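So the structure is just underneath, and the comments pick up after that.
The values are calculated or read from the model by the stated rules, or taken from the named source; none is laboratory data. Values in this document were obtained by computation on a predicted structure and should not be read as measured data. Cβ placement follows ideal geometry from the backbone for every residue including glycine, while neighbour counts extend to all protein chains displayed. For the accessible areas, the whole protein counts, side chains as well, though only heavy atoms, and no ligand, DNA or RNA atoms are used. Shrake-Rupley method; radii C 1.70, N 1.55, O 1.52, S 1.80 Å.
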Amino acid sequence: MAPPSLLAHLDASKDSTALSLAYASVGDEGCNSIARYMRENVMLKTIDLRGNNIRADGLVVLAHALRSSTSVVSVCLKWNHVGSHERGMQALCDVLRVNNTVTHLDLRNNKIGHEAGRIIGTMLSENSTITHLDLSWNDLGVDGGQALLDGIQKNHALIDCQLSGNRVAEDTLHAIAFILRRNRQTAPLSATTFSQGREPTLPGSIDGPRPPASPQSGMGMGTSRDFVETNATAGPGGAAPKPSALAVQDTGLAQKLLQREQNYTNAEDARFFGEVAEYIDLLQLDVARNKKYRMDSEERERVVTKGFMEREMRYAQEMRELENLLAKAKAEKDELLHDTSYLQSEIERVREEKSRTMQDRMKLEEVSRATSDRLRSDIRDGLTVKADLETQIYKVKRRQQEQEEENARLRTYLAKTKQDLDRALR
């Protein structure tokens, strides 16, 4: 699963012409997201994935995405581990064998072994687009270098190939340098503007233009030496010749040097001609590189100036927005203060009402307690009166019962008396 930061960066770089994820710890897990981004972005031209611990599996995924991308011209994968297994380089080279857009490929320090040298050589024998290839600080060895040479011999597009730190044989490096010089003579001038500005570095050589050492013997060296000294004077202190004029001036001489290097009479002459040709190439590279630097500096100045103006306008706009926000915040603050004072007065009023309510409640409770006590006393008195009345009623009923008994007895006595009187009267 790709980290959220990678997905956010890819989403922010949508429709961008350059994808830069240097030292972003992408790993093989993030290659799927990058591959999807490469398929969807039809404007992508340069890819920089240096120092991301990408291995063979991740390279296979990227290679399949590169197959469907028709706009990428530069791929940088240095400081990874794509050479950990052959299948990674095999997948990449299978794609580059028929690719017509990629011109720059950087595979520095990727643990690429001699087996991958054969794969890369086969790819170069069929590829006609790649002009700059950097394989520095890998482990091609003697066998890998020879396999690479076999492929480069059939290639007429490659003009820059870096092989420092690969333990390639010196004869192989000389042969590759000769082929690259041959390709540069037939390549258009714009293609000689190298990204690094160097040839394959031979063991013990020093980067940068330097006049070749003159041999002890040989014929016709004066012309070459005079040409080198003439070009050396047109350095930083003098006026640099135009690249087109320099190319026209050096074409015939370079072809003669290549012919003499092939038809050398001894090894020392061949080495001298090779050094002269290399020095001429380096001078051409310096001119083209200086022109490119000047154009880049002008472009940077234009971009920086435009950026400053846009930034100033953006800052002014942001200042206006901040001032509006500040005025709005002040108005909201005043409104909040007014609301706060109103709420405080309401709180005081509610507190006063609460205190009055508590006092009324206490009074009501006191009245309720007094009434309750009075009612209890009345109930007790009523119960006492009830008891007395019940006693009196009982007594009255008792007397009434006794009176009824007495009346019955009297009635009986009167009846007897009446009977006796009736008998007596008869």
Taking the criterion of being open to solvent by less than 20 Å² (accessible area, probe 1.4 Å) and either in a loop (DSSP other than H, G, I, E, B) or farther than 21 Å from T129 by Cα (or both), would at least one residue in segment 85-97 satisfy it? no
The one condition Q401 fails out of (1) open to solvent by 100 Å² or more (accessible area, probe 1.4 Å); (2) at pLDDT 90 or above is (1)
Scan segment 202-219 and tell me whether some residue there is open to solvent by 80 Å² or more (accessible area, probe 1.4 Å), part of a loop (DSSP other than H, G, I, E, B), modelled with pLDDT of 90 or more and among the basic types (K, R). no
Yes or no: segment 290-300 includes at least one residue that is touching a Pro at 6+ places or on another chain (Cβ under 9 Å) and surrounded by 11 or more Cβ atoms within 10 Å (Cβ to Cβ). yes
Considering only residues that are in contact with a Lys or Arg (Cβ under 8 Å, 6 or more places away or on another chain) and either in a loop (DSSP other than H, G, I, E, B) or among the acidic types (D, E) (or both), look in segment 1-26 and name the one that is farthest from R87 (Cα to Cα). T17
Counted residues in segment 7-25 being over 10 Å from the mean Cα position of the chain (by Cα) and farther than 15 Å from N52 by Cβ come to 5
Can you pull out the residues in segment 156-171 that are farther than 18 Å from I112 by Cα and surrounded by 21 or more Cβ atoms within 10 Å (Cβ to Cβ)? L158, I159, D160
Every residue from segment 31-88 that is in contact with a His (Cβ under 9 Å, 6 or more places away or on another chain) and among the acidic types (D, E): D57
Sole exception among (1) under 15 Å from V26 (Cβ atoms); (2) touching a strand residue (DSSP E or B) at 6+ places or on another chain (Cβ under 9 Å) for D57, by number: (2)
Can you tell me which residues in segment 100-121 are out of contact with any strand residue (DSSP E or B) (no Cβ under 9 Å at 6 or more places or on another chain), surrounded by 22 or more Cβ atoms within 10 Å (Cβ to Cβ) and in a loop (DSSP other than H, G, I, E, B)? N110, I112
Got a number for residues in segment 122-140 being part of a helix (DSSP H, G or I) and closer than 19 Å to A56 by Cβ? 2
For Y37, indicate whether it is in contact with a strand residue (DSSP E or B) (Cβ under 9 Å, 6 or more places away or on another chain) and either open to solvent by 10 Å² or more (accessible area, probe 1.4 Å) or at pLDDT below 90 (or both). yes
